1. Quick check on the chain: helices-only [θ] at 222 nm, where DSSP H runs of length 4 and up contribute -39,500 (n - 2.57) each and the sum goes over total residues. Nearest 500, please.
2. Apply the Karplus parameterisation 6.51 cos²θ - 1.76 cosθ + 1.60, with θ equal to phi minus 60°, to every residue of region 354-362 and state each ³J(HN,Hα) to the nearest whole Hz, in sequence, with x for glycine and proline.
3. Once phi is turned into ³J(HN,Hα) by the Karplus curve 6.51 cos²θ - 1.76 cosθ + 1.60 with θ = phi - 60°, what whole-Hz value does each residue of region 458-463 show in order, with x for glycine and proline?
4. Can you tell me what the convex hull of the Cα atoms of the chain projects to on average, as an area in nm²?
5. In straight Cα distance, which aspartates and glutamates are under 12 Å from Lys416, not counting same-chain residues fewer than 8 positions off?
6. What percent antiparallel are the DSSP beta bridges of the chain, to the nearest 5?
7. Identify the residues of region 68-86 with backbone N under 12 Å of a label point that sits 7 angstrom from the Cα of His23 along the Cα-to-Cβ direction, or state none.
8. Cα to Cα, under 30 Å, and not fewer than 8 places away if on the same chain: which lysines meet these conditions relative to Lys75?
Amino acid sequence: MLARALTHALVGLEARPVEVEAHLQRGVPGFSIVGLPDKACQEAKERVRSGITSAELEWPLRRITVNLAPAGLRKEGSGFDLPIALAILAASRQVPPERLAEHAAVGELALDGRVRPVPGALVAAEAARRAGVSRLLCPPESAPEAALAGIEPVPVRHLAEARAYLRGTFEPPPVDPIRPTTNGSHPDLAEVRGQERARRALELAAAGRHNLLLAGPPGTGKTMLARRLPGILPALSLEQALEVTRIHSVAGVLPPGQPLLERPPFRAPHHTASTAAIVGGGSGPRPGEASLAHQGVLLLDELGEFHRPALEALRQPLEDGFVAVSRVQGQCIFPARIRLVGTMNLCPCGARGDPAAECTCSPQRLASYRDKLSRALLDRFDLVVVVPRARSQELGAPGEPSAAVRERVEAAVARKRPALSAGAEKLLDRAVDSLPLSARGKSKVGRVAATVAALAGEDTVLPEHVAEALSYRSPSELAAWT
């Protein structure tokens, strides 16, 4: 007896169709899974056997062979449990095989038969829709996420419910419609006192998707400023929200009860994070922090403490907007259009740049600290701001709230990108020789100047806009790194 069930295997951010074939034949009872399963997938044998018996269903006393086709595609994870169990039940005629063929299935089985969620429900539902299947059997927690793909999710809490549904004796409850969420609240920019130049740079970074480096002595508010950048970013469009949700779903970090991420993500990994954790990778490639921050903010606090290979690995995604992870089996592409924000001290002891303290770092220690950041990486920061210690008179009145700044940012984003005027172009050409600027640096200054003009409501980039953009790459700002 033979029966089939449809499911999907995750390969990067893609879901590849997998046909689960269950064959029952006479002979010594046994259970084997073939088709290049990994360790977690092989362990499905015990979960499926226990789940079927715990659901008070009949375990076939036959020789059971489950094939996961195509055989050349590696199958990873526990999401194959539910389709394997349903294929075995269909082969033993405990559920109608023709009814099962109209559905795809994904989910992990507990030993008592409960169905647990697994990463990637959204991409599995999208792949099922492309395969012409209109219904997906899945855990209730994954149903709202699967509904985003335009497919009808069938939430089942237990294997017994899945069997009853396929036999027509149980109707799952409807899936609640997705309600708008804020993905949590961000701290308000009004809490920052003083630091007008850094606040202005933050607004430019938000409006123009620019990378920002905040440097200065400890206690000047660098991290406080950086953590308030997400609060002034515009909301994601539906297309962007689906793209971001897809990445978080595959990574298994989608917040409970939030099937759709509508606000730009914010990620702040610890400085001990590995290269694979930052840009993605692993034996079965998974997205890293750069991709989890796609369309949002990646904060690297204490930038000089990160491992240099991890920092250098960011150079390609900062330019291209994606991470390409290559393996023998092929290449996985993870989107990574981010606003990179780095914060760091000007020296290892932190006293440099503070008029109230004396730097005790030796030239050798200072040189080693500077070597953590290559010139190529520093050149990818559009905005470099040295944050000084605030004076007492600057610590009085609260600053402008995030809501007011976000309104200006949204208006600037909605404007058509301004073109350079003749005077602005001439000033930019002179700056190439006087600063000097690299070709990449010139392009970045032009982009920042266009953002300055957009925030000012101008249709043309004027020389004063270029002058402000150049001030964020001036020798005084870069003196600590040259």
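1. -10000 deg cm²/dmol
2. Running phi through 6.51 cos²θ - 1.76 cosθ + 1.60 with θ = phi - 60° gives 9, x, 8, 9, 10, 5, 10, 6, 6 Hz.
3. After applying 6.51 cos²θ - 1.76 cosθ + 1.60, I find 8, 8, 9, 7, 9, x Hz.
4. 26.6 nm²
5. Partners within reach: Glu458, Asp459.
6. In the chain, approximately 45 percent of DSSP beta bridges are antiparallel ones.
7. 68
8. Lys39, Lys45
The values are calculated or read from the model by the stated rules, or taken from the named source; none is laboratory data. Computed from a prediction, not measured in an experiment: that's the story for all the values here. Glycine also receives a Cβ, built like all others from the backbone with ideal geometry; neighbour counts cover every protein chain displayed. Calculation scope for accessible area: heavy atoms of the full protein, side chains included, ligands and nucleic acids excluded. Shrake-Rupley method; radii C 1.70, N 1.55, O 1.52, S 1.80 Å.
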